[in-house]
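Asks: Mind having a look at this structure? Questions to follow.
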Amino acid sequence: MENILRLNARIKAADTLRYTPAGTAVLDLLLEHESWQQDAGERYLARFEIQAKLIGAEAAVWQSRAGCSVAVSGFLSAYSQKYRRPILHIQTIHEYKG
């Protein structure tokens, strides 16, 4: 099965950078997306927010970039074993100048 998500979005909020017990940087983000799509031949305004997580060296780079437009790719997984709502695990992130 495939689980790949690519998205252009704006960083609406970035939490405080934190570290795992092993010392790996983790940054929780809230991404905001808005675009016009075609749905059953009709124009549809797709608008949503999604929680995302950035792990590793890139986390420190993006911690103060709220408001920045980005192109991200990664995969969806459950937030935790208790909370099954999805969170985007970002594997690549770049500033989007679109």
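Asks: Out of the stretch 1-16, which residues are in contact with a Ser or Thr (Cβ under 9 Å, 6 or more places away or on another chain) and among the hydrophobic types (A, V, I, L, M, F, W, C)?
Replies: 4, 5, 7, 9, 11, 14
Every residue, every condition in (1) in contact (Cβ under 8 Å) with a residue 24 or more places away in the chain; (2) open to solvent by less than 90 Å² (accessible area, probe 1.4 Å); (3) assigned to a strand (DSSP E or B), yes or no:
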residue: 21; (1), (2), (3): no, no, no
residue: 36; (1), (2), (3): no, no, yes
residue: 43; (1), (2), (3): no, no, yes
residue: 50; (1), (2), (3): yes, yes, yes
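Asks: Next question, about the same structure. Just checking, which of 25, 46, 52 is aliphatic (A, V, I, L, M) and over 17 Å from residue 89 (Cα atoms)?
Replies: Residue meeting the stated conditions: 46.
Table: residues versus (1) free of Cβ contacts under 8 Å to residues at least 60 places away in the same chain; (2) outside any loop (DSSP other than H, G, I, E, B); (3) surrounded by 13 or more Cβ atoms within 10 Å (Cβ to Cβ); (4) not charged (D, E, K, R).
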residue: 67; (1), (2), (3), (4): yes, no, no, yes
residue: 72; (1), (2), (3), (4): no, yes, yes, yes
residue: 75; (1), (2), (3), (4): no, yes, yes, yes
residue: 88; (1), (2), (3), (4): no, yes, yes, yes
residue: 94; (1), (2), (3), (4): yes, yes, no, yes
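The values are calculated or read from the model by the stated rules, or taken from the named source; none is laboratory data. Computed from a prediction, not measured in an experiment: that's the story for all the values here. With ideal geometry, Cβ positions are generated from the backbone for all residues, glycine too; neighbour counts draw on all protein chains shown. When the accessible area is computed, the model is the full protein with side chains, heavy atoms only, and any ligands, DNA or RNA have been set aside. Shrake-Rupley method; radii C 1.70, N 1.55, O 1.52, S 1.80 Å.
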